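What follows is one structure encoded as structure tokens, with my remarks underneath.
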Amino acid sequence: MLDARGLLAQAAIAGGNVRIGLKDATWIARGVKAPSNAAMVEKACRMLDDPGVERMGPGAPARHWVFERTTHMLTLFHSPGSCSNGILYLLNDLDLPHRVHVVDILKGDQRQPDYRALNPKGKVPALRLEDGTVLTEFPVIAFWIAQSGAWPGDPLAQARTLELLDFMVASVHMRGFTFVKVPGKFVSDPDAQAALYAHGRDQVDQGLAILSETLGDKDYLQGDFTIADAALIYLLDWAEMDGIAIADNLAACHARLRARPAYAASAAHWTR
Ligand SMILES: N[C@@H](CCC(=O)N[C@@H](CS)C(=O)NCC(=O)O)C(=O)O
């Protein structure tokens, strides 16, 4: 009869995924038979309680538990349809091997203690690097990813990329779309909500006009594809979703971004 304890730890340390249940082993401690699957799983959870090993939940109901080794792999904490779509897109565009951990913000996953322990800000995106370091804030994550490409060589172009990212995330998204999408999160009075929506809508319209002007007749915001376009794609998706008209050149750029392989590669996690 198999004592799984040593094997579990070794498999996880070696980078493997782990499954445990009575089907796999019988002994829970030296000379002690496991009384149930639940006891086995609980013991395995205690043994593998390590930031590099993530619980993936039960396989067949109450039969076994699957753990996934996450150290040495980029992990995107992502809510489909949110701004973290842009980071998902970038990871796929640059072919960076990664796994996606869904944090459903509409269900409130971002406020759960497990996620708060990882990102106290309770927002997506967050990117856990191979060594366990966690990065937050869209522009920063995009900048880190850009070291693998999509980053112009010229310092002024680099500054312009950051300028665009900051404008899109901090202004068009946070000061615009946030109030268009969820005014009720900030004020309860219907008139105040309408005023907040109008303010947000104005910010979005102004922002999209500036982005259209910046784009001009180029293929992407800066000519060649850069990390700035990863913010543009989620904003343009949101405009479409909220029935906000966009200029023809932005629509053409949106189509171009959707034609890149990264869009199809992101499909499984793009919408809820
Ligand atoms: N400043 C943050 C903004 C991120 C953000 O607002 N994320 C939204 C999704 S688009 C979120 O996590 N919302 C959940 C909440 O506010 O509870 C960044 O640049 O990453």
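The values are calculated or read from the model by the stated rules, or taken from the named source; none is laboratory data. Just so it is clear, the model here is predicted, and its values are computed rather than measured. All Cβ positions, even for glycine, are placed from backbone atoms using ideal geometry, and neighbour counts span all protein chains on display. Please note that ligands, DNA and RNA were not included when accessible areas were found on the heavy atoms of the full protein model with its side chains. Shrake-Rupley method; radii C 1.70, N 1.55, O 1.52, S 1.80 Å.
Candidate cross-link partners of LYS181 among the lysines, defined by an alpha-carbon separation under 29 Å and a same-chain spacing of 8 or more, comprise LYS107, LYS121, LYS123.
Ordered by 1.4 Å accessible area with all protein chains kept, ARG160, ARG111 run largest first as ARG111, ARG160. Net charge of the neighbourhood of GLY122, taken over other residues with C-beta under 12 Å away and scored Lys/Arg +1, Asp/Glu -1, is +2.
With each label modelled as a point 7 angstrom along the Cα→C-beta vector, the TRP151-ARG256 pair spans 2.3 nm.
Which of the three applies to region 80-226, rounded, prolate or oblate, going by the alpha-carbon gyration tensor with a ≥ b ≥ c and a/c under 1.5 meaning rounded?
oblate
Amide H to amide H, with H built 1.01 Å from N, ASP104 comes under 5 Å of ASP109, counting only residues 5 or more places away or on other chains.
The antiparallel fraction among DSSP beta bridges confined to region 74-146 stands at about 55%.
Length gained on full extension, ASP166 to PHE186: 4.9 nm, using 0.36 nm per residue less the C-alpha separation.
Modelled label positions at ASP205 and ASP131, each set 7 Å beyond Cα in the direction of Cβ, lie 4.9 nm from each other. From zero up to wherever the largest Cα-Cα distance of region 155-266 sits, split into 5 Å bins and tell me the percent of pairs in each. So the P(r) values, bin by bin, are 2, 12, 22, 22, 18, 11, 7, 4, 1, 0.
If you take every residue apart from CYS253 with its C-beta less than 14 Å away from the C-beta of CYS253, what net charge results, scoring Lys and Arg +1 and Asp and Glu -1? That sum, taken over residues with Cβ under 14 Å, equals -4.
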